[in-house]
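Structure record follows, encoded as C-alpha cells.
The values are calculated or read from the model by the stated rules, or taken from the named source; none is laboratory data. Only a predicted model underlies this, so the values are computations on that prediction, with no experimental measurement involved. With ideal geometry, Cβ positions are generated from the backbone for all residues, glycine too; neighbour counts draw on all protein chains shown.
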Amino acid sequence: MKKYILFFVIVIAAIGVKAQAGYNYYEFGVGGGASYERGYTNIPRQDNNIGFNLNLTYNYNPYLPIELEIQKGQLSGGGLTVALDRYGRKFTNNFLALYLHADIQLGSFIDYEHDWFLNAVKGFYVGSGVGFVRNNNTVQRTNVILANGPTTYIFPGSDQSTNISVPLRVGYEFKIFDSYQQPAWAIDIGYVHNIVFGEGLDGYDDPSSKFKNNATNQYRQFTIGFKYFFGNTVSYTKLVRDYGF
C-alpha cells in the first residue's frame, strides 16, 4: 500500500512541476560585458574607446531586472595641434562608475502567448537609474597655440572629481533557457546615454565668459553583455517561455 501511495505522490509532484515549466525564473544573476564609448564635453573632438563592466542582478520578475553595475572605462579627446583643438586642449579620463538601474522589458506589458512577433519583441527594454562617476583625468592645462591667446593661461578644473550621473538605457535581452525551461543565461545588447552633472568628465571648468561652456557633460555607450542567473526559483504569472514559438 505504501508503494502505491508513494507512486501517486511522485506522479502528482511531477505533474505539478510540469505545470510550472516555463513559468519559473531565477531570482539573482551576475554578469559582465564591454562597451564602445565616447564622451560629449566642451572639447569638440572626442575619441572612441573600449570599457568594461560587471553587474549583480536582482530579478524582481523575469522582465524587470534591477542591477548594481560597476564600470571601468576611458574617455579622451582634444589634441595638441590646431587641427585637433583650437587651444591645444587634451584630456584622458580613466574613470570608474557605479550605477543602480532598472530595466523594464516589453514582456511586462504585452500578452505574447502564441504570437511569434510579440514573443520576438518581448525582450526589448527601456531603463534608468542613478550613479556616480569617479573621474581620473590627465589634462593639458596650458594653451599651447600661441596664435589663439597667451601660453601662460591655465585652463581651470580638477583632475580628480566625482559626479552624479543618470543613465538613459534602451536595448534587448535575449534569454537562454536551461533544461528546467527557466532563463538561466542572457545576452544583452544595448545603448546607454549617461547625463553627468558637473564638469569632471574632461577635467576642464572654464568660465563661459572666456570659452564656450554651456553644455551638460555626457557620455554614450554601445554595450554587449552576458548574464548568468542563479538562486531561488520563483514563479511568474504568465509563461516566460512560450513552447509554441
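Residues of region 20-63 that are assigned to a strand (DSSP E or B), out of contact with any Gly (no Cβ under 6 Å at 6 or more places or on another chain) and of a type in the set (A, V, I, L, M, F, W, C): 30, 34, 50, 52, 56.
Does region 64-74 include one or more residues that are at negative phi and assigned to a loop (DSSP other than H, G, I, E, B)? If you could, list the steps in order and put the result at the bottom.
Initial filter on region 64-74 (at negative phi): 64-74.
After this cut, where a residue has to be assigned to a loop (DSSP other than H, G, I, E, B) as well, the list is none.
No: region 64-74 contains no residue that is at negative phi and assigned to a loop (DSSP other than H, G, I, E, B).
Per-residue answers, yes or no, for (1) surrounded by 10 or more Cβ atoms within 10 Å (Cβ to Cβ); (2) under 30 Å from residue 233 (Cβ atoms); (3) at pLDDT 95 or above:
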site	(1), (2), (3)
2	no, yes, no
25	yes, yes, yes
39	yes, no, yes
49	yes, no, yes
55	yes, yes, yes
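Taken residue by residue, region 114-126 has no member that is among the small types (Gly, Ala, Ser), within 22 Å of residue 61 (Cβ to Cβ), modelled with pLDDT of 95 or more and surrounded by fewer than 16 Cβ atoms within 10 Å (Cβ to Cβ). Quick check on my filter: what residues within region 176-206 are among the hydroxyl-bearing types (Ser, Thr, Tyr) and in contact with a strand residue (DSSP E or B) (Cβ under 8 Å, 6 or more places away or on another chain)? Within region 176-206, 180, 191, 204 qualify. Given the criteria assigned to a strand (DSSP E or B) and either among the β-branched types (Val, Ile, Thr) or under 24 Å from residue 220 (Cα atoms) (or both), does residue 92 qualify? Considered against the rule, which asks whether it is assigned to a strand (DSSP E or B) and either among the β-branched types (Val, Ile, Thr) or under 24 Å from residue 220 (Cα atoms) (or both), residue 92 comes out as yes.
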